[in-house]
Amino acid sequence: MTAIGSEMYTLSVNGREHHVRDSWIGESLLFVLRERLGLPGAKGACEQGECGSCTVIIDDKAVCSCLVMAASAQGASIRTVEGLGPDGRLSDVQQSFLDAGGVQCGFCTPGFIVAVHHLLDSNPDPSDLEIKEALSGNICRCTGYGRILDAVKQVSVSRRSTAKDGAR
Amino acid sequence: MNVSVVSPPRSGTLGTNASRPDGVAKVQGGFAFSSDMWAENMLWGATLRSPHPFARIVSIDVSAAWKINGVEVIVTADDVPGLNAYGLIVQDQPVFAKVGDLVRYSGEPIAAVAADHPETCKRALEAIKVEYEVFNPVVDPEECIAGRAPEIHPHGNVYRHQRIVTGDLSVEGDVVVEGDYEIGMQDQAFLGLEAALAIPDSGGDGVELYIATQWLHEDRKQIAACLGLPEEKVRLVLGGVGGAFGAREDISLQVHTCLLALRTGRPVRIAYGREESFYGHVHRHPARIWMRHHATRDGRIVKIESRMVFDGGAYCSTSPAVLINGITHTQGPYKCDNAVVDGYAVRTNNPPCGAMRGFGVVQACYAHESQMDKLAAACGIDPVEIRLLNAMETGDKLITGQVVNSVAPVEECIRATAAIPLPPDLESDPDFRDIPGGSGRTADRSHIRRGIGWGVSIKNLMYSEGFDDYSTARCRISNGVVSVKFATAEVGQGFVMLAQQIARTVLGVDEVLLDTIDTQVGSAGSTSASRQTWMSGGAVNAACVAVRDKVLAHVAQYHDMDVANLAVDGTDIVDTRGSFRVAVADVISHLDIDETAEYHHPPTEDLDENGQGNCHVAFAFVAHRAVVDVDPELGLVKVVQVATAQDVGRVLNPLSCVGQVEGGIAQGLGLAVMEEIVVTNGKVRNPSFTDYLLPTFLDAPDVEAVFIEEFEPKSPLGAKGVGEPPCISVTPAIANAIRNATGRELPRVPIRPYDVCL
Amino acid sequence: MSVAIPTSVGEVVDLLSRNPQATLLAGGTDLMVEVNLHGRRPADVVALNRVSELRSWSVDSSRRTITIGSGVPYAEMETGELARLLPALAEAARTVGSPQIRAAGTLGGNLGTCSPAGDGLPVLAALDAVIDVVGPNGARQIRFADFMVGVKRNALQPSEFVRSVTLPLVEGWQGYAKVGTRNAMVIATASVCLVRTNDRVAVALGAVGPTIIRATDAETWLAANHTMSSRPNTDTLAEFARLVRDASRPIDDHRSTAAYRRHAVGVLAQRLLTRSYS
């Protein structure tokens, strides 16, 4: 093993504690998730917070994991795309991306899925412009965003109708 | 859409929104892209690149890098066992630049390392000392054409020069319009960066490569030659591909990764970062185009003259083919009998350029569609009318002499686009996110002017000039299970879904397994040129039909029936003249059938010295109408709506078609107003997503799309490729809309704010 | 090598006193770019994300000021009470990078990096913000104009860091506008913050010089030649824009040209002044 790594710390990801050993201090949370913890869902496409592919939720905030120094995330609650669906099943957002044609190459998809969960959890009934602004940090090169907009709107509508049914 | 449906098609068959077989994994984060590939005992690889665009390597000293703890191997040109060169058309690009030889572009590979951690790799690269004799880079294509530039490469500084001369050149128009146009260097900017995992065979005499590519077999051919191995010792498996758009046609890290793995005897992964990706793949050719249109007073085109110069950068890649695509599409989707076109693709010390969605036609289309608006203005005719007046039809002759015998519904595309309602006017107090400047709140309602612009295009489908880009597919039934195998690169377009749709439709089954996409079956050709639906669709269809015929023959024999009367109907086999009916599933449960089929398109020809010849296979057409809001004083633009009607032959998957159209439009929008690799004196100045700007959600327009469905008889499924047309004429449509709003000439894309307002 | 995660300002001061070489990590949106892309290799890191004092803000109603901790992320400034009190800062915050960046990025980071294109900085300049810095020798207050001294250079001494920023709560209008070449997530090509009170305006320009530039000639001229309670006429707006343009010192680079930047700050200043009366 190389001489560059010596950091040891613990991260809480998707409700599980992970011990990170012999790491280099400069490793981003994205790198650690993907290469050390076996959670490759978050993707790297720019390394500087300009594409959103690596979006994860840390303490209820959607952030770019490429810009989080992994060792500084000790004590935080981290959620990745792997931890969104109930018991390994698809979340409503994931299902909607499939139904609406929001997935092509799929590289931006995990980042979008996380960002959309975060958006709809904080704003269940967003306008088209609110959706676009909230997702303006997630670049998609394949779809031109049209099917993704549809996917988000479908979830929002179905969540509201579910909520209404529940209220009855 | 003129579809007549008797009964709704069965779920998952052709014509339906089948679900992607890779969809669930992609939304859950479990889909393995090539950058996610991992193997026990794996090392990381990295590449050292030249900072200079033109220099001679005096020496390379790797001794300090070897001393770094964790470094396992360092390789240079001396370690390349086979041919130290690769390339799609000619092999003029070194695997590594060699001591004593030249580096010809900034970013050219010189060495590679493998180590235990990416950070170790970085340190090792920093520790390699390379001494250069630096030269002034050749960056002006005209200097190369004039023969005034120093020779950059033994193959010369001109990749190809081709003229097209046709008709009566003495014809003069009543109305003549001309312009000099420039197209900037666009990047494909797929999100999934270049990555590969190479696993050496235990004996060290072969290698398996998991790679994101567009064409597995072509990669294998080039890799094997460089490694000095027989092709069967190099096995390629498609790693998940995060978009391609032309940037994965050429070799990038393939040979480097295999070499490191073979040298260390350990699995090696190389994964580029975004900056390295800008150096690692070819880009869209920047081009300068002069065009002069002659027309009658009432607007009919009588002659076109043009000169096109494509800057191919340091290595050939597909430059000669891109050039031919550009010049043979000079006329656009319009009738024209007389033309003279002079085209050059040249070598410079700029970044190498090659394939990108639209492949040369994007550049030509920007020029001819700019010209059409000029011509309309000069003749006093509406831009839509002038396009209708000149619209090409099936049976028309191109300036290459080739007769367009594809379905050519140009007029229908224009009329259907025009029929799409315009967006409502901007409200009196619009949300700042909805107007030019967006989040920056630069403008108020009074600063905004609206413009409308048109673009119409023709695009060749498949490879041209005599190339037999066939495709292969294998269909098997074993123990009642249908599986399909092919080497078609799934890059996001959804071929995996289409293959299942074809098999379900032809064979009458619901479950279709897809075998691994690798080199263990014949070539599929490249996922490019809008060709896989036609070519690999054709191959899968042929393989499935062959299997179906055997199934029917079996049924006929078993039941003593005439096979000619048997057909698949839904999930049953029926006697079309009687009442016999049996479930396909019951028939195939005990059958073993294995059929492999190749699909070849009709042959094409080279162009002669006058640019005459049947060089293309088929064509697709599309019209775009862009509505833009412009802030003329700040030069900022918001594309409000793009309406489009596209000639697709037949819609095989509605959502996929819409996805291709919307995605292509976003890329064309990028070229129109923001995307450009800025190169100064051979150096890329913006190799990052901070400075190479892609359209965001707030930049994307509303897209209103209509599909013109006229079954293409030449196509095995009646469908045309839909991938490239969306991104071609939308760029000039947006440019024309900005011109319409501002009155500016705007001879260049991308249109920068200062082009509009200063 | 280590990452320290202190929870109080005192601990941070202590850590930095003992290890002046340690690197401060705020939102990470600048530092990690350096690490990921530019070969920066921090030895020891002091992460500020758990120092609650840095992540809070408060109003001093007697002094009519607001003090914002250096670790308050931009996302918090975009809406709510902070946005009501400091609308120009809210508008600037909303243009910072992407929503993900705004969830992590902080004013402290903008001040630590001191890029001329830092989106929050023109607001601090126009409002004459005071930067509260702490270090081994205690705390000191630095006017923004004295804090930013050049391109990515500031007046911080070794081991000092920004604790908070204090801004006046002004009566009047304030606004911010920024030009970039796309409609979201873009670095400023040019930006302007304008604050109008009953007797004067303050104008600060971003991305058009080595530091944020106050267009003082334009401010002085307007105060002397225009009655602030009335709408400016076309001539006044034109002269104001000319003086703003003259104050800029832009450069050509791969993002834009000097000529465009100069032009743009004039247009933005004029539009903001007009907007302040609408």
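The values are calculated or read from the model by the stated rules, or taken from the named source; none is laboratory data. As the structure is a prediction and not an experimental result, all values here were calculated from the model. A quick note on method: Cβ atoms are made from the backbone with ideal geometry, for glycine too, and the neighbour counts reach across all protein chains shown.
Per-structure values
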{"item": "Restricting the stretch B:138-193 to residues that are of a type in the set (Val, Ile, Thr) and in a loop (DSSP other than H, G, I, E, B), the residue that is nearest to A:Gly144 (Cα to Cα)", "result": "B:Val139"}
{"item": "Selection within the stretch A:118-134 - surrounded by 22 or more Cβ atoms within 10 Å (Cβ to Cβ), without any contact (Cβ under 8 Å) to a residue 60 or more places away in the chain and either in a loop (DSSP other than H, G, I, E, B) or not aliphatic (A, V, I, L, M) (or both)", "result": "A:Lys132, A:Glu133"}
{"item": "Scope the stretch C:41-58; condition loosely packed, with under 15 Cβ neighbours inside 10 Å and modelled with pLDDT of 95 or more; matching residues", "result": "C:Ser52, C:Ser56, C:Ser58"}
{"item": "Residue in the stretch B:1-24 that is within 14 Å of chain A (Cβ to nearest Cβ), without any contact (Cβ under 8 Å) to a residue 60 or more places away in the chain, under 30 Å from A:Gln95 (Cβ atoms) and under 29 Å from the mean Cα position of the chain (by Cα) present", "result": "yes"}
{"item": "Any hit, the stretch B:162-172, residues being within 14 Å of another protein chain (Cβ to nearest Cβ) and under 25 Å from the mean Cα position of the chain (by Cα)", "result": "no"}
{"item": "Breaking point among (1) of a type in the set (S, T, N, Q); (2) within 14 Å of chain B (Cβ to nearest Cβ); (3) farther than 15 Å from C:Ala207 by Cα, for C:Ser229", "result": "(2)"}
{"item": "Search result, residues across the stretch B:487-507 that are of a type in the set (Gly, Ala, Ser), within 22 Å of B:Arg220 (Cα to Cα) and either within 15 Å of the chain's Cα centre (by Cα) or modelled with pLDDT under 95 (or both)", "result": "B:Ala489, B:Gly492"}
{"item": "Condition check for B:Val134: surrounded by fewer than 20 Cβ atoms within 10 Å (Cβ to Cβ) and touching a His at 6+ places or on another chain (Cβ under 6 Å)", "result": "yes"}
{"item": "Helices (runs of 4 or more DSSP H) contained in the stretch B:285-403 and holding at least 1 residues in contact with a Cys (Cβ under 7 Å, 6 or more places away or on another chain), free of Cβ contacts under 8 Å to residues at least 60 places away in the same chain and surrounded by fewer than 20 Cβ atoms within 10 Å (Cβ to Cβ)", "result": "none"}
{"item": "Within the stretch C:247-274, tally of residues that are more than 21 Å from the chain's Cα centre (by Cα) and part of a helix (DSSP H, G or I)", "result": "5"}
{"item": "Output for the stretch C:254-278, where each listed residue is farther than 22 Å from C:Val195 by Cβ, surrounded by fewer than 16 Cβ atoms within 10 Å (Cβ to Cβ) and within 8 Å of chain B (Cβ to nearest Cβ)", "result": "C:His254, C:Ala259"}
{"item": "Residue match in the stretch B:61-76 (condition: within 29 Å of B:Asn136 (Cβ to Cβ), in contact (Cβ under 8 Å) with a residue 40 or more places away in the chain and out of contact with any Asp or Glu (no Cβ under 7 Å at 6 or more places or on another chain))", "result": "yes"}
{"item": "Residue match in the stretch B:332-348 (condition: more than 16 Å from the chain's Cα centre (by Cα), among the charged types (D, E, K, R) and over 22 Å from B:Cys144 (Cβ atoms))", "result": "yes"}
{"item": "Any chance B:Ala64 is within 14 Å of chain A (Cβ to nearest Cβ) and surrounded by fewer than 16 Cβ atoms within 10 Å (Cβ to Cβ)", "result": "no"}
